[in-house]
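The values are calculated or read from the model by the stated rules, or taken from the named source; none is laboratory data. In this text, all values refer to a predicted model and were calculated from it rather than measured experimentally. Every residue, glycine as well, gets a Cβ built from its backbone with ideal geometry; the counts of neighbours run over all protein chains shown.
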Protein chains: 2
Amino acid sequence: MPNKKYFKLISESMLFAGLPDEHINALLLISEIRDFEKNQLIFLEGDKGIGFYINVDGRVKIFKLSPEGKEHILHIFGPGEPYGEVPVFSGKTYPANAASIDASRSLFFPRDAVVALLAKNPAIALNMLAVLSMRLRQFTVAVENLSLKEVPGRLAAHLLMLSLEQEKKDRVVLNIPKTLLASLLGTIPETLSRILSRMAAQNLIEVQGRSIRLLDLEGLRLLAETGRLA
Amino acid sequence: MPNKKYFKLISESMLFAGLPDEHINALLLISEIRDFEKNQLIFLEGDKGIGFYINVDGRVKIFKLSPEGKEHILHIFGPGEPYGEVPVFSGKTYPANAASIDASRSLFFPRDAVVALLAKNPAIALNMLAVLSMRLRQFTVAVENLSLKEVPGRLAAHLLMLSLEQEKKDRVVLNIPKTLLASLLGTIPETLSRILSRMAAQNLIEVQGRSIRLLDLEGLRLLAETGRLA
DNA sequence: GCGCCGCATTGACTTAGGTCAAAAAAACAA
DNA sequence: TTGTTTTTTTGACCTAAGTCAATGCGGCGC
């Protein structure tokens, strides 16, 4: 029974972590498996929000397009992370586009079934409230970064965050091409490249392809704080 | 009984609109009145989130401070609007600062009482899920604006939004000083001032103090779309 | 091996928008 | 009114970061 895998995934997802088994099973029952090939569109900004997803395998990006067609990535979601849940409750449309980065698989939860389930189980709703709140908090940080800090500061903050996530504390490995990273930081590949060189020149980091050594943790922290490279 | 006023306010607030009277009364019972003088701090980023507020009179701003102390306003809330609700569910600290703009009054809802109430009434929780989702969507737009559009585009979008909110469709009146508006748009007063002149020179708008005539709706819309002033 | 394609880097150039400083205009209190 | 403070505007200047264009590099299929 491959359901075991999805049971585990749901029970460990941010959205539903900490729920009793019966609730997880109820969720499992209303979900559908959806597979996407590499670079496949999942939903478009403006589409009616008929349900939300939890990513199982691969990575999914949430992005906006500028009038000129330039793509700005808002989030990248890995396994266990939920996406597209906003319009399920507000009853409106998706506020951004979603597409797979790799070949990937998600669980889909149809809106009506979810709403019925939540009405019966307040605990699930409370849990979800907490999750949305967290995401809201992350956005607050994102806005702060975009409006108050310059690119080197954002990059430093990002590297430090990665080094916390990965265990090796003085070496991080990018799991995405630098061009995606640039978009994630709200800049362009050229600028990112120059800033990496600049930071290397100041012995803050050492770049070897996608692997980056953090040479001066203290300096990076300072840079992330003040947002400005000397 | 002045409670009537607060009953109405709660029942018309985004957060609790559409709830039956008994629930509104329950909410009224757990709330406390808090008064603030002009420019008074309400809570600080990092403070423990012991509850949330619904604004009654006056205006409240939510803002972040840059390392150099520059203030960037994330939201301005008027009567009936809830704020500070994020940490109530995430159980963490407030993600930004809050302060009154005018002398103002809010209703305060303590965390524990709210959580207990929601656990009993799933309908209230669903409503709040919708509100948090909406706010999340707003942030998505804010991030988009900050990263994809230039200041003139953001300003045009803001003016058009105001003209929708206020009824007069070709004239908007700022209810905040231009210096606050600058912060709200993620820029500084000098830049805002120059851009207003520039837009006036192109017959897009006509500025008289805080009152702004929108002369060329179509042009403004184009500017908000493309994000670039000719 | 070869050519090809997507990613990454580098250089020359342009510009939006920030800083600093000062003046002008409004708002407000005595 | 008059003086005082806050808001708004203007000018000179500087810098971060974007655009455009060329080149380098690495993997992959054949």
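Residue A:146: within 14 Å of chain B (Cβ to nearest Cβ), within 12 Å of DNA strand C (Cβ to nearest atom) and under 18 Å from the mean Cα position of the chain (by Cα), yes or no? Lay out the reasoning, then the answer.
Working: within 14 Å of chain B (Cβ to nearest Cβ): yes; within 12 Å of DNA strand C (Cβ to nearest atom): yes; under 18 Å from the mean Cα position of the chain (by Cα): yes.
Taking the combined requirement at face value, the residue satisfies it.
Please give the strands (runs of 3 or more DSSP E) falling wholly within the range B:58-111 in which 3 or more residues are within 14 Å of another protein chain (Cβ to nearest Cβ). Write out each step before concluding.
Numbers: elements: B:60-65, B:71-77, B:97-100, B:104-110.
Those strands (runs of 3 or more DSSP E) span B:60-65, B:71-77.
Filter the range B:149-174 for residues that are more than 14 Å from residue B:204 (Cα to Cα) and within 13 Å of chain A (Cβ to nearest Cβ); which is surrounded by the fewest Cβ atoms within 10 Å (Cβ to Cβ)?
B:150
Of the residues that sit in the range B:210-230 and are outside any helix (DSSP H, G or I) and modelled with pLDDT under 90, which one is nearest to residue B:147 (Cα to Cα)? Can you show your working first?
The initial filter retains those residues of the range B:210-230 that are outside any helix (DSSP H, G or I), namely B:210-216, B:227-230.
With the extra rule that they be modelled with pLDDT under 90, the set shrinks to B:227-230.
Details: B:227: 11, B:228: 13, B:229: 16, B:230: 19 Å.
Filtering the range B:210-230 for residues that are outside any helix (DSSP H, G or I) and modelled with pLDDT under 90, the one nearest to residue B:147 (Cα to Cα) comes out as B:227.
Count, please, the residues in the range A:73-90 that happen to be modelled with pLDDT under 80 and acidic (Asp, Glu).
0
What's the total number of residues in the range A:175-195 that are at pLDDT below 90, exposed (fewer than 14 other Cβ atoms within 10 Å of the Cβ) and within 8 Å of DNA strand D (Cβ to nearest atom)?
Qualifying residue count for the region: 0.
Just checking, how many residues over the range B:61-78 are within 12 Å of the chain's Cα centre (by Cα), crowded, with 17+ Cβ neighbours inside 10 Å and more than 16 Å from DNA strand D (Cβ to nearest atom)?
Of the range B:61-78, the ones within 12 Å of the chain's Cα centre (by Cα) are B:61-63, B:73-78.
Within this subset, residues satisfying the condition of being crowded, with 17+ Cβ neighbours inside 10 Å are B:61-63, B:73-77.
Checking the rest, the ones that are also more than 16 Å from DNA strand D (Cβ to nearest atom) come to B:62, B:74-75, B:77.
Matching residues across the range B:61-78 total 4.
Just wondering, is there one or more residues in the range A:114-124 that are in contact with a Pro (Cβ under 7 Å, 6 or more places away or on another chain), facing another protein chain (nearest Cβ under 7 Å) and of a type in the set (A, V, I, L, M, F, W, C)?
Step one: list which residues in the range A:114-124 are in contact with a Pro (Cβ under 7 Å, 6 or more places away or on another chain), which gives A:118-119, A:122.
Filter once more, keeping what is facing another protein chain (nearest Cβ under 7 Å): A:118-119, A:122.
Right, trim to of a type in the set (A, V, I, L, M, F, W, C) and you get A:118-119.
Yes, there is a match, as at least one residue in the range A:114-124 is in contact with a Pro (Cβ under 7 Å, 6 or more places away or on another chain), facing another protein chain (nearest Cβ under 7 Å) and of a type in the set (A, V, I, L, M, F, W, C).
If you go through the range B:19-43 one residue at a time, how many are in contact with a Phe, Trp or Tyr (Cβ under 7 Å, 6 or more places away or on another chain) and not in a helix (DSSP H, G or I)?
Looking only at that region, the number is 5.
Return the residue satisfying two criteria in turn: it lies in the range B:145-175 and is in contact with a strand residue (DSSP E or B) (Cβ under 7 Å, 6 or more places away or on another chain) and in contact (Cβ under 8 Å) with a residue 60 or more places away in the chain, and of such residues it is nearest to residue B:65 (Cα to Cα).
B:148
Condition test on residue B:212, is it in contact (Cβ under 8 Å) with a residue 40 or more places away in the chain, β-branched (Val, Ile, Thr) and farther than 24 Å from residue A:136 by Cα?
Details: in contact (Cβ under 8 Å) with a residue 40 or more places away in the chain: yes; β-branched (Val, Ile, Thr): yes; farther than 24 Å from residue A:136 by Cα: yes.
Yes; evaluated as a whole, the condition is true for this residue.
For the range B:182-209, which residues satisfy the criterion of being touching an Asp or Glu at 6+ places or on another chain (Cβ under 9 Å), more than 9 Å from DNA strand C (Cβ to nearest atom) and part of a helix (DSSP H, G or I)?
B:183, B:200
Given the options B:7, B:16, name the one that is crowded, with 19+ Cβ neighbours inside 10 Å, in the same structural domain as residue B:88 (by TED's automatic domain parsing), not in a strand (DSSP E or B) and not aliphatic (A, V, I, L, M). Walk me through it before giving the result.
Working: B:7 fails: crowded, with 19+ Cβ neighbours inside 10 Å.
Of the residues listed, the single one that is crowded, with 19+ Cβ neighbours inside 10 Å, in the same structural domain as residue B:88 (by TED's automatic domain parsing), not in a strand (DSSP E or B) and not aliphatic (A, V, I, L, M) is B:16.
Take the residues of the range B:203-225 that are of a type in the set (A, V, I, L, M, F, W, C) and within 14 Å of chain A (Cβ to nearest Cβ): which is surrounded by the fewest Cβ atoms within 10 Å (Cβ to Cβ)?
Here is the first cut: in the range B:203-225, the ones of a type in the set (A, V, I, L, M, F, W, C) are B:204-205, B:207, B:212, B:214-215, B:217, B:220, B:222-224.
Filter again for within 14 Å of chain A (Cβ to nearest Cβ), leaving B:222-224.
Values: B:222: 17, B:223: 26, B:224: 21.
Taking the candidates together, the pick is B:222.
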